[in-house]
1. Below 12 angstrom from the Cβ of PRO11, what's the summed charge of the other residues (Lys, Arg +1; Asp, Glu -1)?
2. How big is the range 95-232 by the Kirkwood estimate over distinct Cα pairs, in Å?
3. Sort ASP108, ASP41, ASP82, ASP75 so the one with the fewest other Cβ atoms within 10 Å of its own Cβ comes first.
4. Students often get this wrong, so try it: which of (i) 11.1; (ii) 13.3; (iii) 17.9 is mean projected area of the Cα convex hull in nm² as calculated from the structure shown?
5. Label-point separation (nm) for GLU85 and ASP215, each offset 7 Å from Cα along Cα-to-Cβ?
6. Using the Cβ atoms and a cut-off under 10 Å, what net charge is assigned to the surroundings of VAL205, where Lys and Arg are +1 and Asp and Glu are -1?
7. What's the extension gain from ALA229 to LEU190 if we count 0.36 nm per residue and subtract their Cα-Cα distance?
8. I need to check one value: relative contact order of the chain, counting alpha carbon pairs closer than 8 Å and at least 6 residues apart, in percent.
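What follows is calculated from the coordinates using simple rules that are stated; it is not laboratory data. Keep in mind that this is a model prediction, so the values were computed, not measured. When we count neighbours, we look across all protein chains shown, and the Cβ atoms used for this are built from the backbone with ideal geometry, even at glycine.
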Amino acid sequence: MTMATAIDPGPLGVIKIAPSVLAADFGMLAEAVAKVTPGSDWLHVDVMDGHFVPNISLGPPVVSSLRRHTDLYLDCHLMITDPGEYLEPFARAGAQGVTVHAELGDLDHVIAEARALGLRIGLAANPDTEFEAIDRYLDAVDLVLCMTVFPGFGGQAFMAEVLPKISAVATAIDERGLAVELEVDGGIDLETTPLVVAAGATILVAGSAIFGASDPLAATNSIRSAALAAAR
C-alpha cells in the first residue's frame, strides 16, 4: 500500500489560502502555480468524474505533475461517486489530503482507508446538505469543507445562505475541542472573504478571483489580507 508524501499542512486554526487550480490555465499550469506560490499555503485540486457532478476535470496524473513542480500541500477535493477506488492512486501521485462528500452516505470505510494510506481526510457538504450530515463524521475527519456553490463549475456566485451552516460547524468544532479545520469554497473573493472568516472559516479556496486576476499573486495576497483583517 502506497503511503502519502508527508508535507506539513500548517498550524491548526491559522488562516490559509488555497488557490484552486481548476481556474488556472491548464496549458501553463506549472507557471500558474509558480506565480501564486509565494502567497499560498495549499493548492486546491478539484477532481470531478462527470457523474457525481456534471463536469470532468483533473485526476492522479495531473496531481503527479503538480507534485513535481511544487512543494505546497495538495488538497484534493474528490467530487466523485466512488472515492475509495482512487485513494491509493492519489496518495501515490503525491496528494496529502483528500476530501470526500457527505452526500455519498456511509463513509466509514473511505475514512479508514485514507488514514491507512497516510492521507488527511476531509468531509465536504453541498450548499443544501444539512449540518447533521456533517456532524455524523465531525469527530472522524481532519477538515470540513462547506461549499458555497454547487460543485461542478468554477466562477459561480457565492451563496450567502450557507453562512449559518459554516457558523454551526465552527461552533461544534470549538465546543468539542476538535482538531478539525474549516474550509470554504465557492465564490470566494475580497467581498465574501470577510463573511466566511467571520463565520469561522480558516481555509479559503479561491479560483477565479486569483487565476482570473491580472496579477494572481497580488490577488492571493489581497484575499489573505482581507481574511486576516476579518479574523482580528
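1. -2
2. Mean inverse Cα-Cα distance, inverted, gives 15.4 Å.
3. Lowest to highest Cβ neighbour count: ASP108, ASP82, ASP41, ASP75.
4. It is the value labelled (i).
5. Taking the two extended label points, one gets 4.6 nm.
6. Result for the local shell: -3.
7. 12.9 nm
8. On the way: 478 pairs, mean separation 51.2, N = 232.
In percent, rounded to a whole number, it is 22.
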